[in-house]
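Accompanying notes for the structure given below.
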Amino acid sequence: MKILIIQRDNIGDLILTTPLISSLSRTLGGKVDLLVNTYNQKVLENNPHVGKVHPYSKLHHRQPGQSLFSVLFQRVKSYLNVRNAGYDVAIIARGEWSERPLKWARLSGAKRIIAIGNDTPPEVSDPVTLSGEQCHIVELFSRLAVPLGVTEPPAGLELYPTREEILTMRERLPLSEELPVFGIQISSRKPEQRWPAEKFIRLMHEIASQQPCQFLLFWSPGAADNKSHPGDDDKARQIIEACPDIALIPAQTRNLRELIAGMSLCQQILTSDGGALHVAAGVQVPTVALFGNSDAWFWGPWKVPSEILEAPGQDVSRLEVEVVVKHFMQLRQRVVAADQATVVAER
């Protein structure tokens, strides 16, 4: 059975699709092909359950110096490759019905099209209806496998940094072998998910006063006024300059693979909801997640030890430093206790 999963959304959405990919691959045998956008494509590198990847470049994801012609040429190439692949099943991996991915499912010529929604058109042979109950998006995506007879509960998220990628990041960062590494990720696309620089500064000083540690600072690179990919270089600089008295190491990442490798070096991570949250869960790092105007029950950290803080008024900036520190240290204590119990059980 040749299966194509269509996942054209953001980085986090594709990471959240990895349990569906792995369960289909393990249960039905063989690898699963995907249609993705060039912005999230790097999520799939080294994934043993993934076969052919068809990249689709959105116009606003064009790289500097990349011509419109090259983008359109790549798009035509993907059209032809999808059409000629001979898929039996096309799965639209989206939490709600959308007409736009359907054109790719039609193009594939698949005999069966599976999609989520209560008002799907007749071309969708296997609609997955929504009943209104709350469930995590990973659990919702897992229902897309049920028409194919795959009913196992979804496992954890899967990202695969290579040994070389991890060693390269470790060599760039002056980390001590003696101290735990805590990742602090300061960026978020949505304004309601952003915590102020001053609060990050106070948080790190408070944590450092309670436990010897070192921090890796992660942020979206670039200027805040970049319309395509707003960055937080200025915010990161403000935080770094205010923390000369603690072990704070800037983890400047130039691409998604560096972010994945850098986060894999951490023992715990603090981040707002967004793609970086799911990167942390994808490399199985315990995570403290700050939520503003998004639903934690739907987007929360999947299958990793976590603490979730939902902000008053759905605005992360209103979360108090003391509250976040308390939850951060609670998670740290839980993880350490669980690790110690595992060591005792293995003796």
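Restricting to region 9-41, name every residue that is of a type in the set (S, T, N, Q), under 21 Å from Cys135 (Cβ atoms) and either out of contact with any strand residue (DSSP E or B) (no Cβ under 6 Å at 6 or more places or on another chain) or surrounded by fewer than 23 Cβ atoms within 10 Å (Cβ to Cβ) (or both).
If the condition is that a residue be of a type in the set (S, T, N, Q), under 21 Å from Cys135 (Cβ atoms) and either out of contact with any strand residue (DSSP E or B) (no Cβ under 6 Å at 6 or more places or on another chain) or surrounded by fewer than 23 Cβ atoms within 10 Å (Cβ to Cβ) (or both), then Asn10, Thr18, Ser22, Ser23, Thr27 are the ones that fit.
Sort out which residues of region 111-135 are over 23 Å from Trp302 (Cβ atoms), hydrophobic (A, V, I, L, M, F, W, C) and in contact with a Ser or Thr (Cβ under 9 Å, 6 or more places away or on another chain), and write them in order of number.
Within region 111-135, just Ile113 meets the criteria.
From the residues in region 253-265 that are surrounded by fewer than 24 Cβ atoms within 10 Å (Cβ to Cβ) and among the hydrophobic types (A, V, I, L, M, F, W, C), which one is nearest to the chain's Cα centre (by Cα)?
By that ranking, first place goes to Leu256.
So, Ile6, is that one at pLDDT 95 or above, buried (at least 19 other Cβ atoms within 10 Å of the Cβ) and either more than 16 Å from the chain's Cα centre (by Cα) or in a loop (DSSP other than H, G, I, E, B) (or both) or not?
For Ile6, the condition - at pLDDT 95 or above, buried (at least 19 other Cβ atoms within 10 Å of the Cβ) and either more than 16 Å from the chain's Cα centre (by Cα) or in a loop (DSSP other than H, G, I, E, B) (or both) - is met.
Residues in region 203-219 that are in a loop (DSSP other than H, G, I, E, B) and out of contact with any Pro (no Cβ under 7 Å at 6 or more places or on another chain): how many?
3
Looking at His49, His54, can you tell me which residue is closer than 20 Å to Ala105 by Cβ and either out of contact with any strand residue (DSSP E or B) (no Cβ under 6 Å at 6 or more places or on another chain) or in contact (Cβ under 8 Å) with a residue 12 or more places away in the chain (or both)?
His54
Anything in region 152-187 that is closer than 22 Å to Leu14 by Cα, among the hydroxyl-bearing types (Ser, Thr, Tyr) and open to solvent by 30 Å² or more (accessible area, probe 1.4 Å)? List them, or say none.
Answer for region 152-187, where residues must be closer than 22 Å to Leu14 by Cα, among the hydroxyl-bearing types (Ser, Thr, Tyr) and open to solvent by 30 Å² or more (accessible area, probe 1.4 Å): Tyr160, Thr162.
The values are calculated or read from the model by the stated rules, or taken from the named source; none is laboratory data. On a predicted model such as this, the values are computed, not experimentally measured, just so you know. Don't worry about glycine lacking a Cβ; one is built from the backbone with ideal geometry, like all the others, and counts go over all protein chains shown. Note: accessible area is taken over every heavy atom of the protein model, side chains too, but ligands, DNA and RNA are not part of it. Shrake-Rupley method; radii C 1.70, N 1.55, O 1.52, S 1.80 Å.
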